[in-house]
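Take a look at the structure set out below.
The values are calculated or read from the model by the stated rules, or taken from the named source; none is laboratory data. This structure is a prediction, so every number in the text was calculated from the model and none was measured. As a convention, Cβ positions derive from the backbone with ideal geometry for all residues, glycine included, and neighbour counts pool all protein chains shown.
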Amino acid sequence: MNKISARQLYFFLACVAPIGKLVIMPSRLAVYSGNDLLLPVLFHYLIQAAVIFAVLLLAKRGMSLFEMLENSLGKIAASCIVLLLSAFLLFAAFLPLIEQKVFVQGTFYDTIPSLVAFAPFFPLAAYLCSKPLSSYGRTWDLLGPIALVGLVGILLLSFTETDLGALLPVGSSGAKGILSGTGYTFCWFFDSLFLLFLLGKIDYQKGMAWKGALFYFLGGLAAILFIAVFYGIFQETAINQLFAFAKTSVFFSGITVLGRVDFIFIYALAFVLIFYCTLPLQAGVEGILQVFGRKRYLPTILAVAVTGLLVVLMIVFDYRFGQVMHFVSEKVFWIFPVFTVAVPLLCLFLRRKPVESA
Amino acid sequence: MKARKFLKTLPMKFYLLLLGLILFSFFSNDFGLVDIQKTAVILAAGIDKTEEGFSLTAQIAVPKGSDRSQGGTSSVDIESEGATVSDCVSNIFSETGWVPKLVFINLIVIGEEAAKEDVISYLNYFMRNEYMNDSCYLAVCEGKAHDLLTSKSATDDTSALAIQKLFSNAAEKTGKVMPNNLKDFSIGYYGVSKSGYLPYLRSQSQKGAEHSPSPGTGESGGGSSSSSSGSSSGASGDKDEKVYIAEETALFSEGKLVAILPREQTLAFSMLSGNIVSGTFNAKEKDGKAVTLAVIENKGGVSLDMSGAPRVKMQIDLTVRLCCRGTTAPIEDISEDDVSEELLESAKEVLSQYVADLWETGKKSGCDLFHLRRDLYRASLKKYKEWKDFLPEVAEPEIKTEVKSLK
């Protein structure tokens with residue numbers, strides 16, 4: 001079986017994972033926290049880096065999540081927990097997907113295209129879901145550099161227009177603003193849960209736990225830098241700028257002469273986003289397969305069923321993006337820390353060694 | 001054997017095919033195809049106030065015909081009225097059958113009367129539109145925006161394109177104009193300063209200019225016939241040809257036009273912003289004759305000092321060279337760029353006066369032109385709460401002008 005190497009994992013943590021937070025989250029943060037929007041992101045990255053450190057410590061044990069749970073709690077309890085986590089991931093996948101859809105429609109099209117323009121995403125997602133999660137390793141080898149080039153390119157084109165003084169005075173939104181900013185953006189931070197499903201598929205090497213956490217935090221600093229630039233450019237009007245990474249580079253003076261050269265970098269990040277958005281789906285399917293076993297046609301059937309369900313949901317909620325975002329990020333936001341922080345940390349208390357069978 | 005190999009590689013082929021399909025559907029933007037017969041590609045919009053609501057003049061690009069020897073862009077102007085700007089845009093569709101497309105709009109002109117009311121009530125339509133470019137230029141004009149946009153330009157087939165030339169980077173560096181865009185104006189409006197500025201446009205007849213009629217212009221599109229208020233630009237006719245001037249600057253407080261800076265104060269404002277690279281201004285010789293100095297380097301800044309009573313420090317540092325005397329000069333003088341001490345002193349006096357006038361205009365109008373309230377807010381929330389209702393009016397100006405000659 002393919003195992004994910006340290007390099008592939010670090011590419012994901014440092015380069016791919018931050019991209020999903022740079023579409024709509026920055027403007028939502030501006031709504032809740034105003035010019036203090038960096039503090040909630042910093043809190044999230046500190047929390048997630050700590051959880052990733054804990055999850056990567058679990059990777060040392062060489063067992064999958066299901067095996068670890070079964071070892072400590074028995075098969076039925078393990079099945080229930082893994083299925084619950086999978087259901088959560090499939091639920092959590094919906095917001096990034098619909099976010100990606102409106103991003104593509106709003107950024108790459110001059111008029112609203114039909115849903116058909118987004119349709120090829122679903123067979124691709126179904127295909128990826130039918131593959132083992134560990135197959136993502138090779139993809140991250142490719143996506144890591146693309147994401148890096150995209151983000152650096154956009155940052156370079158955006159710096160000239162930014163006024164970082166707009167981030168002052170620190171604390172002006174008060175504790176309420178910072179806390180609501182932190183709470184209502186939990187739905188964009190579930191990277192640690194992916195890693196939980198990768199347990200047993202990671203080629204663990206010495207020091208991987210702290211290095212993984214460090215790389216994740218470095219990626220977080222890049223995201224924080226971008227969000228600072230974003231707010232420095234749009235300031236009080238940042239709340240009106242939905243698609244952050246497609247907006248900041250528009251003001252680069254060379255664009256009036258060269259045209260929208262920044263689209264090269266926007267395309268790069270949008271490409272990475274395609275795979276990042278399928279990740280919770282794939283992890284959700286992986287969880288179900290851990291319970292029922294990777295039988296012959298089951299991965300394909302599950303992958304088709306899950307993406308089919310998403311197609312239906314996408315049609316139903318086609319013009320209700322605002323409502324979906326409001327529900328997920330503001331109404332049920334508390335679910336996210338339970339599954340992405342508490343559950344991975346509780347896994348540290350699972351039995352370390354497999355129970356000897358009689 | 002071959003069949004097995006084919007089946008083995010089939011998933012990968014399927015994967016690549018899907019990936020190709022995704023890239024194609026996500027990034028093709030329908031190949032950017034615009035059905036020009038059905039779409040109104042709006043280049044510029046003019047907004048005026050009417051008794052019932054608003055009037056929107058949209059300058060729409062139209063095909064110029066098959067004659068490739070003709071350059072430039074042809075356009076028709078459609079005027080539409082409604083209770084909101086959105087109404088006006090919808091009316092363009094209902095009156096002409098063209099679907100308005102705002103992606104290419106790069107200039108919004110607000111009529112002088114309309115600018116005296118909170119302009120965000122017009123601009124919010126453009127801010128809400130996700131396809132609209134935030135770097136779109138904004139301007140206020142003398143009289144009606146409709147008249148300005150439908151006027152015939154002496155320099156371009158389309159008035160909007162002629163006006164946009166005034167807002168280029170090169171023009172901005174001369175210090176003659178202070179362009180502003182939708183993003184920066186709305187930041188000023190929604191920020192704690194609640195103030196902003198826009199270039200103030202005037203048109204002026206270009207007497208004696210001859211403009212040969214363009215065979216492809218003004219005859220296509222059908223805009224003028226589909227709406228009673230439509231007119232076509234680029235066509236030859238009995239209209240005066242106009243040139244446009246944007247040397248004045250309109251000041252806004254809480255979205256309303258409150259004052260207009262004359263060209264000298266616009267220059268001072270530009271110098272305080274440190275924008276000028278190749279601009280010129282006039283100083284005076286002892287005998288009162290004008291001498292033009294060219295700015296080689298410009299540093300400028302405005303800062304608020306709250307250590308005692310509020311003081312505003314306005315500083316301009318210029319490096320200049322002699323550009324032109326209004327009198328005859330010996331060849332030895334022409335070969336030298338040096339500026340005499342007397343001229344430098346005169347330049348200092350002139351600029352200090354411009355800055356002092358600029359400060360007074362801003363203070364009287366209530367426009368926080370230099371965003372002093374914003375600076376204080378960023379520096380100290382406590383002092384901001386204490387002083388926000390008194391700034392900039394109570395602040396004492398401290399003007400410092402340094403002009404040195406290029407060695």
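Annotation note: Cβ proximity below 7 Å between a residue of segment A:222-241 that is within 11 Å of chain B (Cβ to nearest Cβ) and within 12 Å of residue A:22 (Cα to Cα) and a residue that is assigned to a helix (DSSP H, G or I) and among the aromatic types (Phe, Trp, Tyr) (sequence gap 6+ or interchain) occurs for A:241/A:234.
Residues considered: B:394, B:350. Of these, the only one that is among the hydrophobic types (A, V, I, L, M, F, W, C), under 27 Å from the mean Cα position of the chain (by Cα) and not assigned by TED's automatic domain parsing to the domain that holds residue B:251 is B:350. Selection of segment B:77-103 for residues being assigned to a loop (DSSP other than H, G, I, E, B), touching a Gly at 6+ places or on another chain (Cβ under 8 Å) and among the small types (Gly, Ala, Ser) yields only B:83. Can you spot a residue in segment A:203-217 that is in contact with a helix residue (DSSP H, G or I) (Cβ under 6 Å, 6 or more places away or on another chain) and outside any helix (DSSP H, G or I)? Yes; the residues of segment A:203-217 include at least one that is in contact with a helix residue (DSSP H, G or I) (Cβ under 6 Å, 6 or more places away or on another chain) and outside any helix (DSSP H, G or I). Once segment A:242-260 is narrowed to residues that are touching a Leu at 6+ places or on another chain (Cβ under 6 Å) and crowded, with 22+ Cβ neighbours inside 10 Å, the residue that is farthest from the other protein chains (Cβ to nearest Cβ) is A:245.
Residue B:309 satisfies every condition listed in (1) of a type outside the set (Lys, Arg); (2) assigned to a loop (DSSP other than H, G, I, E, B); (3) without any contact (Cβ under 8 Å) to a residue 40 or more places away in the chain except (3). Whenever a residue of segment B:39-53 is assigned by TED's automatic domain parsing to the domain that holds residue B:75, its partners that are among the acidic types (Asp, Glu) and assigned to a strand (DSSP E or B), lying with C-beta atoms within less than 7 angstrom and at least six residues away or across chains, give the pairs B:50/B:81; B:52/B:81; B:53/B:81. A search for C-beta distances below 6 Å between a residue of segment A:266-292 that is more than 14 Å from every other protein chain (Cβ to nearest Cβ) and any residue that is among the aromatic types (Phe, Trp, Tyr), counting only pairs 6+ apart in sequence or on different chains, returns A:279/A:194; A:283/A:194; A:283/A:197; A:286/A:197; A:287/A:197; A:290/A:66.
If the condition is being in contact with a Cys (Cβ under 6 Å, 6 or more places away or on another chain) and over 30 Å from residue A:107 (Cα atoms), then segment B:133-189 contributes only B:148. Just to be sure before I move on: is residue A:229 among the β-branched types (Val, Ile, Thr), modelled with pLDDT under 90 and touching a helix residue (DSSP H, G or I) at 6+ places or on another chain (Cβ under 7 Å) in the structure I sent? Against the criterion (among the β-branched types (Val, Ile, Thr), modelled with pLDDT under 90 and touching a helix residue (DSSP H, G or I) at 6+ places or on another chain (Cβ under 7 Å)), residue A:229 does not qualify.
Of all residues in segment A:115-132, exactly one satisfies the criterion of being more than 10 Å from chain B (Cβ to nearest Cβ) and at pLDDT below 80, namely A:115.
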